[in-house]
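Notes follow the structure.
The values are calculated or read from the model by the stated rules, or taken from the named source; none is laboratory data. Quick caveat, the model's predicted, so the values are computed rather than measured. Please note: Cβ atoms are built from the backbone with ideal geometry, for glycine as well, and neighbour counts cover all protein chains shown.
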Amino acid sequence: MRKGFMMIALLLAIAVAAPVFAQATFTPSQNIEWIVTSSPGGGSDIYTRIITDIMTKANLINGKTILVNNKTDGGGEVGRLTVSRVAAGKQADHTLLTFNSGDLMPMVANTANRIENFTPIALMAVDKQLLYIGEQSKYKTFADVIAAVKAGKNVVIAGSKGDDVATYKMLIKELGFTETQLAFITNNATSDAITSILGGHVDLVMSKPAAADQYVLAGKLTPILALSNVRFTGNLASAPTLSEVGNYKNVEYPVWRGVVGPKAMSQAAAKYWSGVFKAVSDSDAWKTGYIEKYKLQPFYMDYEQAKDYMTAYQADYLKSIGK
Amino acid sequence: MHNFQFLLHGFQVVFTLQNLGATMLGCVLGLIIGAMPGIGSLAGCALLLPLTYKFNPTTAIIMLGGLYYSNMFGGAFSAILLNIPGDTPAIMTALDGYPMATKKKRPGQALLTANFSSFIGGLIGMVILTFTGPALADVGLKFGPVEMTTLLLFAMTSIGWLVGENPTKGLILTLLGMLVASMGMDTLTGSPRYDFGNVYLLGGVPFTPFVIGIVGFSQVILLMEQRNIAPQMVTDKLTLRGSMITKHDAKRLALPAIRGGILGTFIGVLPGAGATAAAIMSYSAQKSFKSEEPLGTGAIEGIAASESANNGAAAGAFAPLLALGIPGSGTGAVLLGGLMLWGLNPGPLLFKNSPDFAWGLIASLFIANILALAVSWGVIPFLIKILSVPTKLLIPAITVVCIVGSYSTSNSMYGVIIMFISGVVGYIMQKFKYSYAPLLLAFVLSPMLESNMRKAFIISRGNLDIFVQKPISLAFVIAIAGIALFPIVRYFLVRAGVMKPKAAKK
């Protein structure tokens, strides 16, 4: 009798615990589709392929294959919309999307799609920018630039889209200049912006450390302002932050790289993936092959923190563009 | 002569069994990829890039360089034989190549003309690249937004030569091309234009499906009208000897090819321009030179101008890429991404830090040029058999090629839909005798013109003076004024009896 009771109690316990257990132990059971909304060879593509490479080599994903799919239609909006609409089920748990601050900005500015339509999984790294002068630049320090603008000179910064524009707006707001006084030219890529300063067509260029690295080494570009709360290290250490230049607050606009899944992704899967990205973030291959090589800063956040971070970021951005 | 020594050293690098094999493989793949519409060098390099991670970097870039380069050869094949440009730089080749192959029944000669001109154009580009590489890249840098604006305006005036006998039709198409090109996100502010609330249209009208539709699929619809007419070419025996070009042909192609090669190399060096723009500009420039037959009716000069320019540009694009780490085109950007993955740092130090690599690549281009010529020559007799395929079989085959080509640009049906729509538009255009050249020229050049002009105005705070203050742009402004005013001046000179009236054009 007692044995029977024990048996029933045990069975009951298993019955209650089983779903919890099953949920907690999500593992990939089919190939993973990972969508990237930029072309092969671009920054987001390299980021994605390095992660997939580490995941595959370290066997973090139960021996399954990751299929990277570059969906570039509609400036990336089509790929983002597709992922946000994947229906709940096996497919939703096996779909990932590379998602950066530079993806969020045009998405919320131009479409009705919002971060709430995704399941944030992880944040991996942040990037910051600097302002550089070229060999032919008229100004040698950022103080010179401020003085020239105040004297009514026409000073032009070249940079890239999205993040750079947002950083620029933050900068002129802090300096109290208008967009005509200190003008900004949006290029399709940082490399185009660097091309125009090498030819002496603009005064300053805004770039992340990686894209400008070779030009700094060759002496063709010199950093004059760190758009950061602290100075950079290495050959970028000579550039002061804005508070060192004058009576201003520092300007720092974090450019983050992350990963999200469809809204319909199960909690267990989000947790599982978040753990996999943690493992990638802790690996040496990631630290040397990505963070160091492309001069980013590690910035891991798990799925819960990432959700809060991305949501707050979106709210700030929407407010800044008056939406 | 230092550069020559370096080049010889480069050859030494290339002449290992492994690297020669890589060049050969790259060439063959490039020809195939080039001949397939839609899959251009960009997709080809991007697809092959992951395969090369395990190679040593020199071998890898040599293979991709060979692929990129021979791609320009391959693009001409389908342009000439099917009137579908295999990749976008071959659009202008189709204008004369297809009539020469079908109406003039000289398909072999058309292909050979294209190949020889490609060879000449490429050779010119490579020689210029070898001896002036870094200096050439510096000249490219001199072209900022202001200079590019006037250069592009100058190129746009050449639409005047392309519109043909009916200027109204030409103008309508030019404006249509500009309008279609302005769809999608504004390049400077990122705000959507003419997207009609459609998320696909946010990215604009993709170029490749648009071209395949306008030029290629419209051809399929035309073919459907004549599906019951037996093909004309079955009886001719097509041999290598039968497709040799005559001495006279060679004379005709030489000058346009040399001009195209030099112009193409120069355009290739400029930031943001590329092989397609080079081919278009060279072809329109040819309009102002003497051609034995009118362009557009199967003239050797037209094929030569277009093909030599796109190969020259392909070589020229390597100058800023190698000397400064600046990609001149989409494919250049993929190659650049490759360099970084292999652990090389593209940029101003590349020539100094990795000479084996840089010069090996340049030397491999020379080899690729010769190999591509040899391989494509060898396959000509087989290729021209396509022309004797009955129309009813050709129609579904070309349709499939068009669909695959436009699908593969972004791996979605969006491209296919664009292709079908522009195919119908292209068919209507042909029925009403509208030539597609001004449309495509405006489509390619106007986005570049727009973004450069707006950048120039940001620099000058909206002041027009800037265009006459800089020497390079002043020269272009004078040239534009000259071209625009010449007919008026001539009119008065003729009236005053100073000049003889110009004979009416054919």
- Flag for A:LYS249 being more than 19 Å from the chain's Cα centre (by Cα) and without any contact (Cβ under 8 Å) to a residue 24 or more places away in the chain: no
- Message: Can you say whether B:ALA437 is more than 14 Å from every other protein chain (Cβ to nearest Cβ) and under 15 Å from B:PHE210 (Cα atoms), as far as the supplied structure shows?
- Response: yes
- Test B:GLY405 against the criterion of being more than 14 Å from chain A (Cβ to nearest Cβ) and modelled with pLDDT of 80 or more, and give yes or no. no
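Yes/no matrix, rows are residues, columns are (1) surrounded by 20 or more Cβ atoms within 10 Å (Cβ to Cβ); (2) away from chain B (no Cβ under 14 Å); (3) not basic (Lys, Arg):
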| residue | (1), (2), (3) |
| --- | --- |
| A:ALA218 | no, no, yes |
| A:VAL245 | no, yes, yes |
| A:ALA270 | yes, yes, yes |
| A:GLY275 | no, yes, yes |
- Task: State the number of residues belonging to the stretch A:159-208 that are at positive phi and away from every other protein chain (no Cβ under 11 Å).
- Result: 1
- Query: Right, B:GLY44: surrounded by 24 or more Cβ atoms within 10 Å (Cβ to Cβ), within 18 Å of the chain's Cα centre (by Cα), assigned by TED's automatic domain parsing to the domain that holds B:VAL416 and modelled with pLDDT of 75 or more or not?
  - Reply: no
- Does A:LEU67 meet the test of being free of Cβ contacts under 8 Å to residues at least 40 places away in the same chain, facing chain B (nearest Cβ under 10 Å), over 18 Å from the mean Cα position of the chain (by Cα) and not in a loop (DSSP other than H, G, I, E, B)? no
- Query: Can you tell me which residues in the stretch B:83-99 are more than 14 Å from B:PRO256 (Cβ to Cβ) and either among the small types (Gly, Ala, Ser) or at pLDDT 80 or above (or both)?
  - Reply: B:ASN83, B:GLY86, B:PRO89, B:ALA90, B:ILE91, B:ALA94, B:TYR98, B:PRO99
- Examine the stretch B:435-450 for a residue that is more than 30 Å from B:VAL146 (Cα to Cα) and either over 25 Å from the mean Cα position of the chain (by Cα) or assigned by TED's automatic domain parsing to the domain that holds B:ASN115 (or both), and state whether such a residue exists. yes
- Item | Check on B:PHE116, in contact (Cβ under 8 Å) with a residue 40 or more places away in the chain and over 19 Å from the mean Cα position of the chain (by Cα) | no
- Query: Looking at this structure, is A:VAL86 assigned by TED's automatic domain parsing to the domain that holds A:VAL276, within 23 Å of B:LEU202 (Cβ to Cβ), part of a loop (DSSP other than H, G, I, E, B) and touching a residue at least 40 places away in the same chain (Cβ under 8 Å)?
  - Reply: yes
- Query: Of these, B:THR130, B:THR174, B:THR168, B:THR113, which one is under 30 Å from B:ASN463 (Cβ atoms) and either part of a loop (DSSP other than H, G, I, E, B) or β-branched (Val, Ile, Thr) (or both)?
  - Reply: B:THR174
- Item | Residue in the stretch B:246-257 that is under 30 Å from B:VAL379 (Cβ atoms), modelled with pLDDT of 85 or more and surrounded by 20 or more Cβ atoms within 10 Å (Cβ to Cβ) present | yes
- Taking B:LEU67, is it over 16 Å from B:PHE366 (Cβ atoms), at pLDDT 80 or above and either outside any loop (DSSP other than H, G, I, E, B) or among the hydroxyl-bearing types (Ser, Thr, Tyr) (or both)? no
- Message: For the stretch B:410-506, give me every one of the helices (runs of 4 or more DSSP H) that falls completely inside it and has 2 or more residues that are in contact (Cβ under 8 Å) with a residue 40 or more places away in the chain and under 15 Å from B:PHE207 (Cβ atoms).
- Response: B:413-431, B:437-460
- Note on the structure: Of the residues in the stretch A:135-158 that are β-branched (Val, Ile, Thr) and crowded, with 18+ Cβ neighbours inside 10 Å, the one that is nearest to the other protein chains (Cβ to nearest Cβ) is A:VAL156
- Selection status of B:ALA155, without any contact (Cβ under 8 Å) to a residue 40 or more places away in the chain and within 30 Å of B:ILE458 (Cα to Cα): no
- Item | Failed condition for B:GLY378, given (1) over 13 Å from B:LEU111 (Cβ atoms); (2) surrounded by fewer than 16 Cβ atoms within 10 Å (Cβ to Cβ) | (1)
- Query: A:ASN110 fails exactly one of the following numbered conditions: (1) at pLDDT 90 or above; (2) in contact with a Pro (Cβ under 6 Å, 6 or more places away or on another chain); (3) of a type outside the set (Lys, Arg). What is the number of that condition?
  - Reply: (1)
- Message: Consider the stretch A:54-97. How many of its residues are in contact with a strand residue (DSSP E or B) (Cβ under 6 Å, 6 or more places away or on another chain), surrounded by fewer than 24 Cβ atoms within 10 Å (Cβ to Cβ) and within 25 Å of A:THR288 (Cβ to Cβ)?
- Response: 2
- Message: Just to be sure I understand, how many residues within the stretch A:176-191 are surrounded by fewer than 20 Cβ atoms within 10 Å (Cβ to Cβ) and either of a type in the set (D, E, K, R) or outside any loop (DSSP other than H, G, I, E, B) (or both)?
- Response: 1
- Message: I want to confirm something. Restricting to the stretch B:135-158 and keeping residues that are within 12 Å of another protein chain (Cβ to nearest Cβ), surrounded by fewer than 19 Cβ atoms within 10 Å (Cβ to Cβ) and assigned to a helix (DSSP H, G or I), which single residue is nearest to the chain's Cα centre (by Cα)?
- Response: B:VAL139
- Note on the structure: Within the stretch A:115-134, residues surrounded by fewer than 19 Cβ atoms within 10 Å (Cβ to Cβ) and either away from chain B (no Cβ under 14 Å) or within 17 Å of A:ASP192 (Cα to Cα) (or both) come out as A:GLU116, A:VAL126
